[in-house]
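The values are calculated or read from the model by the stated rules, or taken from the named source; none is laboratory data. The structure presented is a predicted model; accordingly, all values stated were derived computationally and were not measured. FYI the Cβ positions are ideal-geometry reconstructions off the backbone, even for glycines, and counts take in every protein chain you see.
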Amino acid sequence: MTGFADAVARAAAAGRLVVQPRMGMASPLEMRAGLLAVRGAGATTVGTLTVDSYTRVGDHRAALTALHDGARLNGYPIVSHHPDTTRAVLDGLTGFPVQVRHGSADPRAIFGALAAAGLDATEGGPVSYCLPYSRKPLRDSVEHWTEACENFSGHLETFGGCMMGQLCPPGLLVALSVLEAVFFRFHGVRSVSLSYAQQTNADQDAEAIRALRVLAARFLSDVDWHVVVYAYMGVFPRTRAGARLLNDNAARLAVRAGAERLIVKTVAEAHRIPTVAENVDALESAAEAAAQAEPEQSFADTGVLAEATALVEAVLELPGDPGEALLAAFRRGLLDVPYCLHPDNAGHTRSHIDDTGRLRWSSAGAMPIPRSSVDRSGPAPDSASLLTALHRVAHLHDARTH
Amino acid sequence: MNNLVLLSGTASDSHTWNLVYLQLLLEEAGHRVINLGACVPPVLLADECEAEQPDLVVLSTVNGHGYQDGPRAIAELRSRPGLAAVPVVIGGKLGTGGPEPVQADALRAAGFAEVFDDETAITRFREFITTNALCRTAGTAS
Ligand code: B12
């Protein structure tokens with residue numbers, strides 16, 4: 001096990017949820033201060049070093065220009081800073097696991113930089129860091145991720161349980177999370193985590209996380225794995241109280257469904273990049289909510305496991321290794337992410353939120369999803385109803401706290 | 001009249017819900033839309049503009065690099081002889097710390113016809129496209 005996975009396992013054994021921020025700033029001094037504050041937070045934490053957008057898309061020249069001009073970046077440019085600089089950022093943090101979070105369809109330089117700085121945990125995936133993060137062909141991403149995984153010996157988390165952040169029905173999120181973890185395993189990674197992002201209905205989410213665990217146990221029995229929940233990744237409540245409630249609910253969900261780790265969101269989410277203090281506040285608030293929540297043993301079955309299983313099996317039955325199978329699956333539309341503009345996504349699926357607040361398919365395209373799971377009664381696909389759906393969670397939480 | 005809008009993300013920005021939403025809004029207002037999607041480098045943007053000859057170019061970005069990516073995009077457009085006059089606007093969450101009026105002015109100075117970076121963005125944008133369409137209709141008629 002890696003330092004990162006080990007820390008998560010120890011916390012889980014002690015019955016504590018690990019909480020983690022999304023945090024990255026351009027300046028090494030600020031980055032270090034942020035990591036120290038996270039370590040010092042009143043919660044069981046691991047640290048995050050989030051990479052900026054220029055580094056993500058491989059434009060290291062623009063990152064260097066920004067550093068030179070003192071322009072603000074939305075993350076830490078780990079490839080542009082010298083490895084010694086990053087080592088200095090981490091100096092004295094031995095024993096405090098730090099994960100690098102990026103969003104790159106070509107992660108090779110980032111994997112190189114994090115290893116050079118002595119780090120061993122990161123995340124992403126050939127699909128989840130291509131379709132929502134890049135205009136590179138999926139085939140290139142699969143190649144780059146293959147190479148990156150084969151040279152990697154640390155802990156790798158799949159981002160497949162998030163995709164576009166919102167409006168993707170859970171069955172597909174669970175399937176993608178499992179499929180990317182299977183890809184990692186195939187390319188030699190021995191310690192993985194599977195993600196699932198909180199969506200629009202807590203019961204549906206709990207059912208999805210349980211489905212994720214069932215499939216992980218089946219397909220990843222010979223590697224070390226745990227489950228990480230992301231606090232809502234779509235449009236966030238605008239009020240402080242609403243944002244805090246949604247983040248706390250994510251912590252309750254994680255405990256209820258037996259996840260080991262949670263990545264939080266702050267009260268600044270709807271507006272701008274959060275400060276360190278806002279991050280610490282979100283971590284402590286989530287830890288408090290988690291401490292009062294109880295794991296549940298059983299959940300109602302509305303078909304998430306069956307849907308995810310059908311998708312995973314359909315893909316793994318395709319010829320070739322997991323990377324080839326993923327490519328073929330997207331080409332044929334067996335996997336098809338709703339509202340994704342990437343040219344390698346078929347784009348024949350649509351989804352909506354039903355009256356009970358659950359995510360449903362409005363059309364499932366060519367995916368192996370039974371007709372009975374498709375609900376064609378969704379709203380008209382115009383700009384106003386799209387905005388209503390995107391803002392539903394935010395509005396509910398803002399309203400509930402007024 | 002052509003009424004063609006070229007809609008695009010910026011070089012470093014991969015957010016697309018903004019683009020999906022703006023495409024619907026523009027189509028509902030009667031425009032034809034070419035949506036280039038996320039992470040569009042300046043050269044690709046300019047190539048597409050030369051090929052499509054849009055009546056309006058709309059850049060949308062929310063990742064916080066807009067004040068840096070915006071000027072690079074418009075510099076490339078304006079460096080092409082055929083694109084010296086096409087109106088270009090930009091909007092979204094342009095900085096990492098909320099709207100910055102000084103930076104928005106710098107974008108206007110760099111050649112953006114309008115900058116939509118605050119709470120009033122969509123209201124002002126609707127007005128802008130209506131007026132813009134009227135101007136061009138008037139221009140065609142005369
Ligand atoms: C969903 C989401 C994602 C998804 C996006 C999936 C996808 N491909 O689209 C994922 C998870 C992948 C993602 C990734 C990242 N994200 Co993001 N994301 C969001 C989130 C939660 C919602 C955005 C959304 O869907 N909005 C719905 C659409 C319809 O609204 P909108 O984008 O806000 O646009 C509205 C207005 O801004 C305006 N508008 C936008 N463009 C234009 C253009 C014109 C001309 C006009 C008139 C108006 C206009 O009109 C729209 C309707 O009102 C926001 C925070 C939030 N709002 O809650 C963060 C947010 C936008 N993300 C952010 C960041 C920084 C990133 C990352 C860089 C990661 C990071 N460092 O944290 C990466 C992007 C990588 C890259 N290369 O750029 C920051 C931006 C910070 C800032 N500007 O200060 C935000 C604000 C979160 C935060 N507080 O840190 N993200």
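Quick rundown of the values:
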item: Matching residues in segment B:100-134 - criterion: being aromatic (Phe, Trp, Tyr) and more than 14 Å from chain A (Cβ to nearest Cβ); result: B:Phe112, B:Phe116, B:Phe128
item: Members of segment B:80-99 that are more than 14 Å from every other protein chain (Cβ to nearest Cβ) and more than 7 Å from the ligand (Cβ to nearest atom); result: B:Arg80, B:Pro81, B:Gly82, B:Leu83, B:Ala84, B:Ala85, B:Val86, B:Pro87, B:Val88
item: Selected residue (only one of A:Thr55, A:Thr50 is surrounded by fewer than 24 Cβ atoms within 10 Å (Cβ to Cβ), within 13 Å of chain B (Cβ to nearest Cβ), under 22 Å from B:Leu94 (Cα atoms) and touching a His at 6+ places or on another chain (Cβ under 9 Å)); result: A:Thr50
item: Yes/no for A:Arg185 being part of a helix (DSSP H, G or I), of a type in the set (Lys, Arg) and surrounded by fewer than 22 Cβ atoms within 10 Å (Cβ to Cβ); result: yes
item: Some residue of segment A:5-21 being within 16 Å of the ligand (Cβ to nearest atom) and either on the phi < 0 side of the Ramachandran plot or more than 11 Å from chain B (Cβ to nearest Cβ) (or both); result: yes
item: Unique residue being of a type outside the set (D, E, K, R) and assigned to a helix (DSSP H, G or I) when the list is A:Ala366, A:Ala287, A:Ala268, A:Ala293; result: A:Ala287
item: Residues of segment A:105-125 that turn out to be within 16 Å of the ligand (Cβ to nearest atom) and either at positive phi or within 13 Å of the chain's Cα centre (by Cα) (or both), as a count; result: 4
item: Complete set of residues in segment B:105-124 that are in a helix (DSSP H, G or I) and free of Cβ contacts under 8 Å to residues at least 24 places away in the same chain; result: B:Asp105, B:Arg108, B:Ala109, B:Thr123, B:Arg124
item: Set A:Leu316, A:Leu253, A:Leu245: member being surrounded by 20 or more Cβ atoms within 10 Å (Cβ to Cβ) and in contact (Cβ under 8 Å) with a residue 12 or more places away in the chain; result: A:Leu253
item: Selection from segment B:34-55 of residues that are within 27 Å of A:Val337 (Cβ to Cβ), among the hydrophobic types (A, V, I, L, M, F, W, C) and more than 9 Å from the ligand (Cβ to nearest atom); result: B:Ile34, B:Leu36, B:Val40, B:Leu44, B:Leu45
item: Hits in segment A:124-147 - residues which are within 20 Å of A:Thr55 (Cβ to Cβ), surrounded by fewer than 24 Cβ atoms within 10 Å (Cβ to Cβ) and away from chain B (no Cβ under 14 Å); result: A:Glu143, A:His144, A:Glu147
item: Where A:Pro169 falls short, out of the listed (1) within 14 Å of chain B (Cβ to nearest Cβ); (2) within 20 Å of B:Val20 (Cα to Cα); result: (1)
item: Any hit, segment A:372-381, residues being touching a helix residue (DSSP H, G or I) at 6+ places or on another chain (Cβ under 6 Å) and either at pLDDT 95 or above or more than 24 Å from A:Met233 (Cα to Cα) (or both); result: no
item: Qualifying residue in segment A:212-223 (condition: touching a Gly at 6+ places or on another chain (Cβ under 9 Å) and either at pLDDT 95 or above or aromatic (Phe, Trp, Tyr) (or both)); result: yes
item: Residues of segment A:243-265 classified as in a helix (DSSP H, G or I) and either within 16 Å of the ligand (Cβ to nearest atom) or of a type in the set (Val, Ile, Thr) (or both), total; result: 8
item: Residue, nearest to the ligand (Cβ to nearest atom), within segment A:85-102, restricted to residues that are touching a helix residue (DSSP H, G or I) at 6+ places or on another chain (Cβ under 8 Å) and part of a strand (DSSP E or B); result: A:Val100
item: Meets criteria (within 12 Å of chain A (Cβ to nearest Cβ), surrounded by fewer than 21 Cβ atoms within 10 Å (Cβ to Cβ) and over 14 Å from the mean Cα position of the chain (by Cα)) for B:Glu52; result: no
item: Residues of segment A:46-70 that turn out to be assigned to a loop (DSSP other than H, G, I, E, B), in contact (Cβ under 8 Å) with a residue 40 or more places away in the chain and either small (Gly, Ala, Ser) or near the ligand (Cβ under 10 Å from one of its atoms) (or both), as a count; result: 3
item: Yes/no for A:Gly234 being more than 12 Å from the ligand (Cβ to nearest atom), in contact (Cβ under 8 Å) with a residue 12 or more places away in the chain and not in a helix (DSSP H, G or I); result: no
item: Contacts under 9 angstrom Cβ, first residue in segment B:30-59 being of a type in the set (D, E, K, R), partner surrounded by 18 or more Cβ atoms within 10 Å (Cβ to Cβ) and assigned to a strand (DSSP E or B), 6 or more apart; result: B:Arg32/B:Val5; B:Glu48/B:Leu6; B:Glu48/B:Ser8; B:Glu52/B:Leu6; B:Asp55/B:Val5; B:Asp55/B:Leu6
item: Test for A:Ala329: is it outside any loop (DSSP other than H, G, I, E, B), within 27 Å of A:Leu179 (Cβ to Cβ), within 14 Å of chain B (Cβ to nearest Cβ) and hydrophobic (A, V, I, L, M, F, W, C); result: no
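Yes/no matrix, rows are residues, columns are (1) within 11 Å of another protein chain (Cβ to nearest Cβ); (2) away from the ligand (no atom under 14 Å from the Cβ); (3) closer than 22 Å to A:Ala63 by Cβ; (4) polar (S, T, N, Q):
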position: B:Val5; (1), (2), (3), (4): no, no, no, no
position: B:Thr10; (1), (2), (3), (4): yes, no, yes, yes
position: B:Tyr21; (1), (2), (3), (4): yes, no, no, no
position: B:Leu24; (1), (2), (3), (4): yes, no, no, no
position: B:Arg32; (1), (2), (3), (4): no, yes, no, no
position: B:Val57; (1), (2), (3), (4): no, no, no, no
position: B:Gly64; (1), (2), (3), (4): yes, no, yes, no
